[in-house]
Each structure stands twice: as structure tokens, then as C-alpha cells.
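*Asks:* My structure is below; once you've seen it, I'll send some questions.
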Amino acid sequence: MSGIKRLCMVVFVLADAGALAMLALTWYGPWTLTASALLNVEAYALALLACLAVSAFGLLVLLCRALFARRTVRTVEVATVDGGVISVTRDAIAAQASHIVEADGTCAAARVRVDAKARGHVRVHVRVLPHETVDVVAKGAELHAELVDGLAAVCGDKVEDVSLEFVEPESVTLTATQDDGADLAHSEGTPAEGAPAPDATSEITVSMGPARDAEREA
């Protein structure tokens with residue numbers, strides 16, 4: 001749920017609760033006379049009208065959504081053969097997308113969302129979890145091309161949009177270059193005799209999982 005939708009829902013619920021409380025106090029409870037007298041106060045009456053207006057508008061929106069909202073599609077028609085229909089489920093499309101992302105072993109599909117209409121227009125959104133640091137631009141373009149080609153084998157020409165979202169990798173790998181190694185040796189001086197020379201192509205892997213959280217708590 002987006003931030004705007006969440007805010008609208010909170011405002012709608014508070015307006016409903018406020019209007020209900022203002023009206024209920026005039027009918028029930030030990031303060032009925034006081035609550036009824038407050039209706040003659042202009043500011044109180046305007047607040048009640050505002051709550052009722054927000055409540056009415058929110059109920060109208062909910063009614064329109066209930067009447068005209070698109071129903072959930074479980075299967076997508078991808079082709080018609082000899083009067084029959086060939087369909088594929090959204091779960092099958094999601095499984096195919098996950099298989100494509102995880103094929104080379106460098107990434108995992110953390111979440112796959114498939115939006116589709118009954119007669120096509122399939123949109124696939126994949127949240128990609130790299131196992132280690134990757135070039136997001138290059139890897140993203142590669143995965144996008146593979147997903148478009150791979151999903152075409154399942155959905156035909158019904159694929160309308162494929163989007164990728166990369167999240168924090170499980171581990172971060174930093175590769176030192178030769179220039180970095182030279183600068184490090186110059187700043188720290190010549191290594192002692194018999195000491196091993198620094199490896200300019202060594203990799204430093206920093207865990208991004210529970211171990212790092214344990215170290216922070218310690």
C-alpha cells in the first residue's frame with residue numbers, strides 16, 4: 001500500500017470515528033444534553049459536517065471500487081487454436097520468471113508479482129536479490145532481455161511490461177585494483193623483508209546477514 005492510500009485510509013477511519021462519537025453522545029450516555037448543546041457551537045458543528053463529508057466521500061469511493069474494480073485474474077489466455085483456448089496461470093508465469101533470474105546462480109528472485117488481464121497484457125515485476133555485489137546496470141539489462149525472451153515462450157506476445165528491482169545483496173565484494181595497491185604500498189612504506197607482498201587482486205567479502213547484526217549488538 002502506497003503512502004497516499006495509507007494516509008487516505010487513516011483520515012477516513014478517523015473521520016468516521018469522530019462523526020460516530022459526536023452523534024452517539026447526543027443519544028446515549030450521561031452527557032447527552034451537553035453533546036446536544038455543542039451542536040449549536042459553530043466550530044463544533046463545522047467539525048461534525050467535515051467528518052460526515054469525509055465519511056460520505058470515502059463510502060462512495062469504496063462503493064465504486066466494489067462495483068467497478070477489476071476482478072483478480074488467475075489464468076491468462078495466450079492463444080486460440082481450432083476454436084479452443086490456451087491459457088497459462090499467473091503462478092506459472094511467476095515460476096518461469098523466477099527460474100530465469102536464478103538460472104546462472106548469481107541472483108535469486110525475492111518476490112515476483114504478475115499483473116494480468118484475462119485476455120493478455122501481462123506485467124511482471126521481479127525483486128532481485130543478488131548473492132554478491134553486481135553491476136546493476138549491466139546485470140539488469142541482461143536479466144531484462146532474458147526475461148522478455150523467456151516469458152515469450154510462456155505468454156507469447158502478451159507480455160506488456162517487465163520491470164526489475166534490485167535489493168541489498170547478501171554479501172558485498174570489493175575488488176582492489178593495481179593502482180589502489182600501489183597507493184597503499186606508497187602510503188604505508190616498503191613492507192618488511194620476508195613479509196608477503198599485498199595481492200592487488202584480492203577480494204574482501206563483508207557479510208550483510210545476521211552475523212553483521214550480531215556484531216553491532218555486541
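*Asks:* Under 8 Å by Cβ, and 6 or more places apart or on different chains, what pairs join a residue from segment 24-50 that is at positive phi and at pLDDT below 90 with one that is surrounded by 13 or more Cβ atoms within 10 Å (Cβ to Cβ) and hydrophobic (A, V, I, L, M, F, W, C)?
*Replies:* G29/A35
*Asks:* From L52, L23, L63, L48, grab the single residue that is part of a helix (DSSP H, G or I), open to solvent by 80 Å² or more (accessible area, probe 1.4 Å) and over 30 Å from A152 (Cβ atoms).
*Replies:* Values: L52 fails: open to solvent by 80 Å² or more (accessible area, probe 1.4 Å); L23 fails: open to solvent by 80 Å² or more (accessible area, probe 1.4 Å); L48 fails: open to solvent by 80 Å² or more (accessible area, probe 1.4 Å).
Checking each option against the conditions leaves just L63.
*Asks:* Taking the residues in segment 26-35 that are not small (G, A, S) and not in a loop (DSSP other than H, G, I, E, B) as candidates, determine which candidate is least open to solvent (accessible area, probe 1.4 Å). Don't jump to the end; show me each part of the working.
*Replies:* To start, the set of residues in segment 26-35 that are not small (G, A, S) comprises 26-28, 30-34.
Those left that are additionally not in a loop (DSSP other than H, G, I, E, B): 32-34.
Values: T32: 34, L33: 147, T34: 84 Å².
For segment 26-35, the residue satisfying everything is T32.
*Asks:* So which residues in segment 66-90 are of a type outside the set (S, T, Y) and either surrounded by 17 or more Cβ atoms within 10 Å (Cβ to Cβ) or in contact (Cβ under 8 Å) with a residue 12 or more places away in the chain (or both), if there are any at all?
*Replies:* Going through segment 66-90, the residues of a type outside the set (S, T, Y) turn out to be 66-71, 73-74, 76-79, 81-86, 88, 90.
Correct list: R70, V73, R74, V76, E77, V78, A79, V88, R90.
*Asks:* Would you be able to tell me the number of residues in segment 36-45 that are surrounded by 12 or more Cβ atoms within 10 Å (Cβ to Cβ), among the hydrophobic types (A, V, I, L, M, F, W, C), under 46 Å from the mean Cα position of the chain (by Cα) and not in a loop (DSSP other than H, G, I, E, B)?
*Replies:* Taking segment 36-45 first, the residues surrounded by 12 or more Cβ atoms within 10 Å (Cβ to Cβ) are 36-39, 44-45.
Checking the rest, the ones that are also among the hydrophobic types (A, V, I, L, M, F, W, C) come to 37-39, 45.
Of the ones still in play, those that are also under 46 Å from the mean Cα position of the chain (by Cα) are 39, 45.
From the residues that got through so far, the ones that are not in a loop (DSSP other than H, G, I, E, B) too are 45.
The qualifying residues number 1.
The values are calculated or read from the model by the stated rules, or taken from the named source; none is laboratory data. As the structure is a computational prediction, the values presented were derived from the model and not from experiment. Glycine gets a Cβ as well: all are built from the backbone with ideal geometry, and neighbour counts include every protein chain shown. Surface accessibility is based on the protein's heavy atoms, side chains included, excluding ligands, DNA and RNA. Shrake-Rupley method; radii C 1.70, N 1.55, O 1.52, S 1.80 Å.
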